[in-house]
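Working notes, structure below.
The values are calculated or read from the model by the stated rules, or taken from the named source; none is laboratory data. Fair warning: this is a prediction, and the values are worked out from it, not measured in the lab. For neighbour counting, all protein chains shown are included, and Cβ atoms are generated from backbone atoms with ideal geometry for every residue, glycine included. Keep in mind that these areas ignore ligands, DNA and RNA; they rest on the heavy atoms of the full protein, side chains included. Shrake-Rupley method; radii C 1.70, N 1.55, O 1.52, S 1.80 Å.
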Amino acid sequence: MRFSERIRQYIKNPSRLIPAFVVMLLIFIQSAMPADLSSKESGWFVDAFARIFPFLTSTEILTFLIRKAAHFTEYMLLGLSLRWGIEKSLPALSAGILYAVSDEIHQAFVPGRSCELRDICIDAAGVLAGVLLMLLLLRRRR
């Protein structure tokens, strides 16, 4: 079976992949931001959380948690949208994880950013959560 035929067996309606491509584009834009701009952006969330939860005194820990939660959340959205467009869970999961790896490699070339295995693992967990959530939603709908 040719590669294009294999792809067609998993993607019945290519327009259902549009949300996944939008999420990928947004992730790419975020990853292309130099570290100083990315830090300013996440700093806004850190300040907001620090006001809401004044007992969280370590800005460094709060910054770390917010940045990693953002990784997980954006890749959970990617997993949801990939599973919406791809008929089977394993190809959707694989596509999301491959994108996470490519995104981390991309960050290695952005000023002040780095390629980290930890982030790939967080991203992969987000993709898995999104794929499983969409699987539950699709099963519930039937």
Single residue of the stretch 61-86 satisfying the filter (at pLDDT 95 or above and among the polar types (S, T, N, Q)) that is surrounded by the most Cβ atoms within 10 Å (Cβ to Cβ): Ser81
Hey, Ile11 open to solvent by less than 50 Å² (accessible area, probe 1.4 Å), more than 18 Å from Val110 (Cβ to Cβ) and in contact (Cβ under 8 Å) with a residue 40 or more places away in the chain or not: yes
One residue from Arg51, Arg67, Arg139 being closer than 30 Å to Glu5 by Cβ, basic (Lys, Arg) and part of a helix (DSSP H, G or I): Arg139
Complete set of residues in the stretch 9-41 that are small (Gly, Ala, Ser) and within 29 Å of Trp84 (Cα to Cα): Ser15, Ala20, Ser31, Ala32
Which listed residue, of Leu137, Leu133, is in contact (Cβ under 8 Å) with a residue 40 or more places away in the chain, surrounded by fewer than 17 Cβ atoms within 10 Å (Cβ to Cβ) and out of contact with any strand residue (DSSP E or B) (no Cβ under 6 Å at 6 or more places or on another chain): Leu133
Scope the stretch 105-120; condition without any contact (Cβ under 8 Å) to a residue 40 or more places away in the chain and surrounded by 15 or more Cβ atoms within 10 Å (Cβ to Cβ); matching residues: Cys115, Ile120
Long-range neighbours under 7 Å by Cβ, at least six apart or interchain, first residue aliphatic (A, V, I, L, M) within the stretch 44-66, second open to solvent by 80 Å² or more (accessible area, probe 1.4 Å): Val46/Thr59; Ala50/Thr59; Leu56/Phe49; Leu62/Phe49; Ile66/Phe45; Ile66/Phe49
Test for Glu74: is it within 27 Å of Leu136 (Cβ to Cβ) and assigned to a loop (DSSP other than H, G, I, E, B): no
Qualifying residue in the stretch 3-12 (condition: within 11 Å of the chain's Cα centre (by Cα) and either among the polar types (S, T, N, Q) or within 30 Å of Leu137 (Cα to Cα) (or both)): no
Unique match (being within 21 Å of Leu137 (Cβ to Cβ), open to solvent by 40 Å² or more (accessible area, probe 1.4 Å) and small (Gly, Ala, Ser)) among Ser89, Ser102, Ser94, Ser58: Ser94
Some residue of the stretch 111-124 being within 17 Å of Pro19 (Cβ to Cβ), touching a Phe, Trp or Tyr at 6+ places or on another chain (Cβ under 6 Å) and at pLDDT 95 or above: no
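Mind counting the residues in the stretch 1-16 that are among the aliphatic types (A, V, I, L, M) and either modelled with pLDDT of 95 or more or outside any helix (DSSP H, G or I) (or both)?
Adding up the residues that qualify gives 2.
Residues checked against (1) touching a residue at least 60 places away in the same chain (Cβ under 8 Å); (2) basic (Lys, Arg); (3) closer than 21 Å to Ser42 by Cβ:
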| site | (1), (2), (3) |
| --- | --- |
| Lys88 | yes, yes, no |
| Gly96 | no, no, no |
| Asp103 | yes, no, yes |
| Leu128 | no, no, no |
